[in-house]
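The values are calculated or read from the model by the stated rules, or taken from the named source; none is laboratory data. Source: prediction; values computed, not measured. Cβ: placed from backbone, ideal geometry, glycine included. Neighbour counts: every protein chain shown.
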Amino acid sequence: MARGLTRFDPEALRTLRASYADGEGVPRPLSAEALGAMVGASKSQILDYEHGRHTPDPQRVLALAGALRVEPELLMQQEDRETWGVADVRRASGLRAQDILSVVGVSPKSYRRFEVQGIVPARKPRFLDDVAAALRISHNDLDKAVSNIPAVRARRRRSVQLIWRLAESYVYPPGLWTGPAADDAEIAELATLYGRPAQRIRRLLSYSLQELRHKYLRMRREEIIAQYDPDPSRQQRAHSAVETWADLFNRDLLLIPDHIERFHRSAQLSEGWQALIDLSDADAYGTDGPWVLTALLANPQSASALPPSLVRRRDFRGLPGLQLSGAGRDHVRRFADFYAVLFPTLRRPRMPGRGNTNARPLRLSFGVGGDARQERLALPPHTYELLSKRADANGSVTLNLEPQTQILINLSSIPGTGPARQPATIDLSPPD
């Protein structure tokens, strides 16, 4: 009997057995003995399940669901489904922990830590997506299940308390900004709670608390104006500004724990983060937005590690392309500063100019005289800069891809139009 399989619903098993229908939809209620024979159990075992005397393990739940022609989760209690944690979802899927381990490639200890504490293993950028695929649920449903884990809820409550204490120590006092130290007791405890090195947590909190300090100092400035400015109208405006800055300060302070929690669930390696920046700089997102060929990323090999929750994939005449999903675009905008803190030497997302895009539009065709149909493709600006250094006198660059594909990219501009508005062209042809 599986430990902790507490959400099995005996009444659901009894009801489904009594209402069983064959493959043609003809009602054929099963006896306990018949159902037992279908799943390799005895009549008494089936009756014990139905009367709550024993609980089936995940494999037996999966077998019962298959015999009854239903999804395994229908054998679980439904009234509290919105509160299910990851372990509940897994068992409702009829899977054991070792079934997930064979897919996600982590140690049993790391996976148990994830189910019990909601800590995603470090350097596993696709972990949540791989678990969701193994459980046959959406990424959003898995994210909700992680948030339902009791230890995750407790971590958030405790983190709020610890970060408030850090704010009292480093945000409010006057003088030069110093930021938390790695050996602060609060930093050490937060590092344990989030399962990450203390130095990493210190860097993230130093940035977050310094941003809070800017708001706090602005609020204090408005308080001085409200108290001492001789102009009554300025005093009145300052009183209103104090309230606004106080609301922003308190809101952002309470959001820090969730911000750090969400970041560590979806954090990418440095190479993957640069690929996301390439897509963002190319405005590659949205239903009508352009795509970026994987081969034209600054580091094409990084694309394989990007999780499906952050990027969409599409084939362009044999060449794979990428586009940011809605979650991917939000990830870039929301966590760009965190990545800058952790990887200060890496590129940051570019700010587009007013009315202009950072990227170059591309047209894809099959050599001279080929299909010139316009494809919604874009060349990331960083890639354009790199390729421009390799271009010949005609503004062309040739990339040889495996196994039998050659990309000829024409970067030359039409005279008088300006390079920012000239589409580049890509001709596909086999290597000479």
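Here are Ala246, Ala305: which of them is surrounded by fewer than 17 Cβ atoms within 10 Å (Cβ to Cβ) and assigned by TED's automatic domain parsing to the domain that holds Lys389?
Working: Ala246 fails: assigned by TED's automatic domain parsing to the domain that holds Lys389.
The conditions single out Ala305.
Can you name the condition, by its number, that Tyr216 falls short on among (1) of a type outside the set (A, V, I, L, M, F, W, C); (2) within 24 Å of Ala336 (Cα to Cα); (3) within 29 Å of the chain's Cα centre (by Cα)?
Among (1) of a type outside the set (A, V, I, L, M, F, W, C); (2) within 24 Å of Ala336 (Cα to Cα); (3) within 29 Å of the chain's Cα centre (by Cα), Tyr216 violates only (3).
Just to be sure before I move on: is Tyr172 more than 28 Å from Phe343 (Cβ to Cβ) and aromatic (Phe, Trp, Tyr) in the structure I sent? Give the steps one after another, and end with the answer.
Values: more than 28 Å from Phe343 (Cβ to Cβ): yes; aromatic (Phe, Trp, Tyr): yes.
Judged against the criteria, Tyr172 is a match.
Of (1) aliphatic (A, V, I, L, M); (2) touching a Pro at 6+ places or on another chain (Cβ under 6 Å); (3) over 18 Å from Ala327 (Cβ atoms), Ile277 satisfies all except one. Which?
All conditions are met except number (3).
Could you list, in sequence order, the residues of the range 306-356 that are assigned to a loop (DSSP other than H, G, I, E, B), free of Cβ contacts under 8 Å to residues at least 60 places away in the same chain and under 29 Å from Arg196 (Cβ atoms)? Quick ask: steps written out before the conclusion?
Here is the first cut: in the range 306-356, the ones assigned to a loop (DSSP other than H, G, I, E, B) are 306-310, 317-318, 325, 343-356.
Then drop every residue that is not free of Cβ contacts under 8 Å to residues at least 60 places away in the same chain, which leaves 310, 325, 344-345, 351, 353-355.
Residues satisfying the conditions are Leu310, Ser325, Pro344, Thr345.
Of all residues in the range 392-413, how many are outside any strand (DSSP E or B), modelled with pLDDT of 75 or more and surrounded by fewer than 16 Cβ atoms within 10 Å (Cβ to Cβ)?
Of the residues in the range 392-413, 3 are outside any strand (DSSP E or B), modelled with pLDDT of 75 or more and surrounded by fewer than 16 Cβ atoms within 10 Å (Cβ to Cβ).
Look through Ala275, Ala282, Ala267 and report the one residue that is at pLDDT 95 or above, buried (at least 22 other Cβ atoms within 10 Å of the Cβ) and small (Gly, Ala, Ser).
On the way: Ala282 fails: at pLDDT 95 or above; Ala267 fails: buried (at least 22 other Cβ atoms within 10 Å of the Cβ).
Unique residue meeting the criteria: Ala275.
Take Ala34 and tell me if it is small (Gly, Ala, Ser), modelled with pLDDT of 85 or more, surrounded by fewer than 18 Cβ atoms within 10 Å (Cβ to Cβ) and assigned to a helix (DSSP H, G or I). It would help to see each step written out before you state the result.
Numbers: small (Gly, Ala, Ser): yes; modelled with pLDDT of 85 or more: yes; surrounded by fewer than 18 Cβ atoms within 10 Å (Cβ to Cβ): yes; assigned to a helix (DSSP H, G or I): yes.
Against the criterion (small (Gly, Ala, Ser), modelled with pLDDT of 85 or more, surrounded by fewer than 18 Cβ atoms within 10 Å (Cβ to Cβ) and assigned to a helix (DSSP H, G or I)), Ala34 qualifies.
In this structure, is Pro180 free of Cβ contacts under 8 Å to residues at least 12 places away in the same chain and out of contact with any Pro (no Cβ under 7 Å at 6 or more places or on another chain)? Talk me through it step by step, then tell me what you get.
On the way: free of Cβ contacts under 8 Å to residues at least 12 places away in the same chain: no; out of contact with any Pro (no Cβ under 7 Å at 6 or more places or on another chain): yes.
Spelling it out, it is not the case that Pro180 is free of Cβ contacts under 8 Å to residues at least 12 places away in the same chain and out of contact with any Pro (no Cβ under 7 Å at 6 or more places or on another chain).
Please name all residue pairs, on different chains or six or more residues apart, with Cβ atoms under 7 Å, provided the first residue is in the range 268-288 and is assigned by TED's automatic domain parsing to the domain that holds Tyr384 and the second residue is among the hydroxyl-bearing types (Ser, Thr, Tyr) and part of a loop (DSSP other than H, G, I, E, B).
Asp283/Thr357
Suppose we filter the range 340-370 for residues that are at pLDDT 90 or above and touching a Leu at 6+ places or on another chain (Cβ under 7 Å); how many remain?
Of the range 340-370, the ones at pLDDT 90 or above are 340-349.
Still in the running and touching a Leu at 6+ places or on another chain (Cβ under 7 Å): 341.
Residues that pass the stated criteria total 1.
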